[in-house]
Amino acid sequence: MTEERRGYLYGLSAYVLWGFFPIYFKLLRPATPFEILAHRIVWSVVFISLLLAVMRNWRFLGRLVRDRRLLGGVTLAAALIAVNWATYIVGVNSARVVETALGYFITPLVVVLLGVTVQRERLNVWQWLAVAIGGAAVAVLTVDYGHLPYIALILAATFGSYSLVKKRLSMPPAEGLFVESAVLALPALAYLGWLNLAGSAEVGRVSVAHTVLILGSGAATAIPLLLFAGAANRVPMVGLGILQYVAPVIQLGVGVLLFHEPMPPARLAGFALVWLALIVFTADGIRGARRARIDRARTGRTATEGAATGTAAATAEPATALPPR
């Protein structure tokens, strides 16, 4: 198996696991979303600590302590991913899995808008068209829901912003997840302590299976991320861009087919507009990647021909550079 194929296998595995996350988080009820979130944070720290201990890779902590800008960026990333996780758990456990799927469908469009507003990037006509169609989709879905699909919008905004911050930090995934979870661990432990003192905690009182699932939330968080990291190092960006739609497609199927959430015609029309926007966006990305590949090949040929010409000239130089007698 080639490295690229292995990367696609890792990426597909990560997105399939993320796609079936709603089933996992439904099984964590009757714990409240914030109790689930606190446990997810704490057990993520435990799982990643064990992994880093096996890898014997703690040197990054020294760099983090010395660099206040990096520490501030990690804290911001932690806050964004905490809001994202909390919103996702609330959406899943309030029978709004379809809306969480919508959030991850529109995330690429939000990332594009962040590129324009924050990174000062320029969009071409097709990218602007995709964003405009996405905006129309949100308008249609707002009419259908009777309010803004805020679960979807918060998920897209927080994950898009998190992606932007992570890109600037350039930290490896395991180390990054450890630090982000560690930043959140103290308030998470304080919240769990308060729940237990108040007698409101559900974890440990439902069943052994429920407790085991809660303890496994750290591994469930980290394993897809590590698989994704393995894919990101082996798969072209266009390939990753297409793979990212696997998770929301599965989530949509889980919400409609397994949890029997409603999908009236107006909502279906809104999703159809989202899919149209993503088709335009993805097709433009594929076309741009193909054009860049052709340009690189052409540049490479030109450089090779130039080098060959230069070599021939250098070889002929002694005969032609002699002065006339």
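The values are calculated or read from the model by the stated rules, or taken from the named source; none is laboratory data. What you see is a predicted model, and the numbers here were worked out from it, not measured in a lab. In this analysis, Cβ positions are derived from the backbone assuming ideal geometry, glycine residues included, and neighbour counts consider all displayed protein chains. We work out accessible area using only protein heavy atoms, side chains counted, and drop any ligands, DNA or RNA first. Shrake-Rupley method; radii C 1.70, N 1.55, O 1.52, S 1.80 Å.
Select, from Gly176, Gly160, the only residue that is within 17 Å of Phe228 (Cβ to Cβ), part of a helix (DSSP H, G or I), of a type in the set (Gly, Ala, Ser) and touching a residue at least 60 places away in the same chain (Cβ under 8 Å). Write out each step before concluding.
Working: Gly160 fails: touching a residue at least 60 places away in the same chain (Cβ under 8 Å).
Only one candidate passes the filter, namely Gly176.
Free of Cβ contacts under 8 Å to residues at least 12 places away in the same chain and assigned to a loop (DSSP other than H, G, I, E, B): does that describe Leu71? In short, no. If you go through segment 288-311 and keep only what is of a type in the set (Lys, Arg) and modelled with pLDDT under 70, you end up with just Arg301. Screening the candidates Thr2, Thr32, Thr75 for the property of being polar (S, T, N, Q) and closer than 30 Å to Gly199 by Cβ yields one hit, Thr32. Restrict the check to segment 44-64 and report whether at least one residue is open to solvent by less than 10 Å² (accessible area, probe 1.4 Å), at pLDDT 90 or above and either part of a helix (DSSP H, G or I) or in contact with a Ser or Thr (Cβ under 9 Å, 6 or more places away or on another chain) (or both). So far as segment 44-64 goes, yes, one or more of its residues are open to solvent by less than 10 Å² (accessible area, probe 1.4 Å), at pLDDT 90 or above and either part of a helix (DSSP H, G or I) or in contact with a Ser or Thr (Cβ under 9 Å, 6 or more places away or on another chain) (or both).
Within segment 240-249, the set of residues being among the hydrophobic types (A, V, I, L, M, F, W, C) and either open to solvent by less than 40 Å² (accessible area, probe 1.4 Å) or touching a residue at least 60 places away in the same chain (Cβ under 8 Å) (or both) comprises Leu240, Leu243, Val246, Ala247, Val249. Going through (1) open to solvent by 30 Å² or more (accessible area, probe 1.4 Å); (2) touching a Ser or Thr at 6+ places or on another chain (Cβ under 6 Å); (3) not polar (S, T, N, Q) one by one, Arg40 falls short only on (1).
In segment 206-239, the qualifying residues are those that are farther than 15 Å from Val42 by Cβ and not in a helix (DSSP H, G or I), and the one that is least open to solvent (accessible area, probe 1.4 Å) is Val235. For Leu141, are the conditions met, namely being within 30 Å of Val45 (Cβ to Cβ) and either of a type outside the set (D, E, K, R) or in a helix (DSSP H, G or I) (or both)? The answer is no for Leu141. For segment 97-137, filtering for residues that are modelled with pLDDT of 85 or more, within 22 Å of Asn84 (Cα to Cα) and not β-branched (Val, Ile, Thr) leaves 9.
Are any residues in segment 250-304 exposed (fewer than 13 other Cβ atoms within 10 Å of the Cβ) and of a type in the set (S, T, N, Q), and if so, which ones? Result: Thr299, Thr302, Thr304. Can Ser217 be described as within 29 Å of Tyr245 (Cα to Cα), within 26 Å of the chain's Cα centre (by Cα) and modelled with pLDDT of 85 or more? So Ser217 passes the test.
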